Structure formats: C-alpha cells, structure tokens
1. Give me the angle, in degrees from 0 to 90, between the Cα long axis of helix 288-309 and the longest principal axis of the Cα atoms of the chain, rounded to the nearest 10.
2. Would you kindly calculate the translational diffusion coefficient of segment 186-309, applying Stokes-Einstein with the Kirkwood radius from alpha carbon pairs, for 20 °C and a viscosity of 1.002 mPa s, and quote it in µm² s⁻¹ without decimals?
3. Along the Cα→Cβ direction, 7 angstrom out, place labels at residue 161 and residue 288. What is the inter-label distance in nm?
4. Set the Förster distance to 35 Å, then compute FRET efficiency between residue 42 and residue 211 from the Cβ-Cβ distance, nearest 0.05.
5. Using label points projected 7 Å from each Cα along Cα→Cβ, tell me how many nm separate residue 308 and residue 177, to one decimal.
6. For the chain, go through all pairs of different Cα atoms, get the mean of 1/r, take its inverse, and jot down that Kirkwood value in Å.
7. Divide, for segment 2-168, the radius of gyration over alpha carbons by 2.2 N^0.38 Å, where N is the residue count.
8. Specify whether the C-alpha gyration tensor of segment 65-109 places it in the rounded, prolate or oblate class, a ≥ b ≥ c being the square roots of the eigenvalues: rounded for a/c under 1.5, otherwise prolate if a/b is larger than b/c and oblate if not.
C-alpha cells in the first residue's frame, strides 16, 4: 500500500477509483466498502484509493476536545495495509482546506490530483465549503470532469454509522465483546512503556505502565481486562488495569499491564495491547494483601479464559 501525505503529488497515468472518509475504526462496515473499492479497482484496472483527513475535521472546525477516536493514525494505517488497498492519501485537514468550494475540491483534488475515474461514496455525502454540495452535485461534476459516481446505499451507510456509534458506546461501557465483534478485530491500545511507581513489582505482579501520547484515543471503561500482545514475534498474554489504583490512593488514571510468564525489559519500548475480555470493575481494597489476593484470582480467571479461547 502506497501512503501519500501530499494531495498534490500527482502520479501521471494512474487512474483511480476512490472513496472518501475518516474510516475511524476501519470496522466491519467500513471493510465492506473497502472490499467493494478494491474489487472495482481490479476489475477496471484502476488504483484503489482512500482519501482520508487528519486531524479529524471536527477537531479543527469545532475544537471538539471531547471527540475520541477508535484508532490512532498509525493504528489505522496498519489495519488498512491488510485490506488490499493500493493507495492511502492522508490529507492535512485545515480551516483553509475546508473553505474550498465544491467545484475546487472536485476539480483540484478528485480529478486533477487523485486522477479519479470512479468515486464510490455514500448517498448522504456532503462536501465543499460549509458542506453544502450533495451527491447530486457530485454526479454533475463527474460528467464535467470525466469520472463515474457510484452511490453506497442507505443501508450500507447506516451500517457504518451504527457500527461506529455502537463501538464507542460498547467501549465506554466496558463491553469489549461487542466492540470487537463490530470492529472485526481486537480493540487495541498503543503506547510507550514508562517508569511507574513499582507497586506491582512489590506485590509480585510487575506491570508495564503504558503512556498513550494521542489524547484523542478512546480509552475504554475503567476495570481489569484480559489482553494479548506481540513481542519479538511471539504472542504474550496478560491482564491490564485501567483506572486510578484506589487501594493506594492513586490520583492519576493509568494503564498498567502485567504479562504472564514474561521477564523482559520493556521500558521506553512501544507496545500494542489487544483487549480480549473485561474481568471486573476497578475496586478499592482495604489492604495491599487483599489487593494481592484479588490479583491472584484475576490471573487464574485470565489464564482459564486464555486456555479456553487461544491455547489449543
């Protein structure tokens, strides 16, 4: 997959079939559209292309700090690389870009820069300054600038939006099973391992303290989760706590992972953790000993889950 971060580096002679969107989560609804895009490109000797924007338009136009996304940009790229897509164009979204008229956008971006021969887009797609242009306008522009427009049905568009809404709701409620079902893969958190307080190690449950730099990334509901990760080509399992460590009067929200049967130094390394199952709410215990006992129970429950679902 070719990744471009400059819309104006046109490749001569390569015509494309393109779809446009944020594709946050790259979930099962999105994948149906991407599969259609890739198949269409192969059948017509075109280059399958997604045009997406970063930062998310709402972050720029509404200063909506409450918006949380399912993927970091790097996570989205990694998922899209597995879809068979030929080309991903990530265009910086700015207020200046948002002021392009509908025709400027179609002429300069879709026709001239991306070399579109076909655009596959939702029936409710709006574009151009103040998002005033509709799919009917796009069809007219297509006749003018020599590209075909294929509408994605209302049913397919609704499936995409419902999936995104349900995934966010599920994660905020700690319902990992539903979130992973709609994503078509395990929800992931990617961050750098930082030095913690070392309390886990004192209880014989050393943890990797994960710092996620992208503040827009959606962090699921507080609690204890079964997780897995890849490290140097091997799959490792563990349990993760998201929360404030109330037993030791923690004041800052942390993400801490204890990996089973693992004794490597992870400090300053980037790791990607996949969430498999939620075990319980975060709880305040009356003593460190009670907490340690509960962690032992959590480990037993986690290993039973892993044995049932992952170990043959």
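1. 50
2. Diffusion coefficient, whole number: 146 µm²/s.
3. 5.3
4. 0.25
5. 0.9
6. Hydrodynamic radius (Kirkwood, Cα pairs) of the chain is 21.6 Å.
7. After normalising by residue count via 2.2 N^0.38 Å, the value is 0.98.
8. In terms of gyration-tensor shape, oblate.
We did not get these values from a lab; they are worked out from the coordinates using the rules stated. No experiment lies behind these values; they were computed from the predicted model shown. Ideal geometry is used to build each Cβ from the backbone, glycine not excepted, and the neighbour counts take in all protein chains shown.
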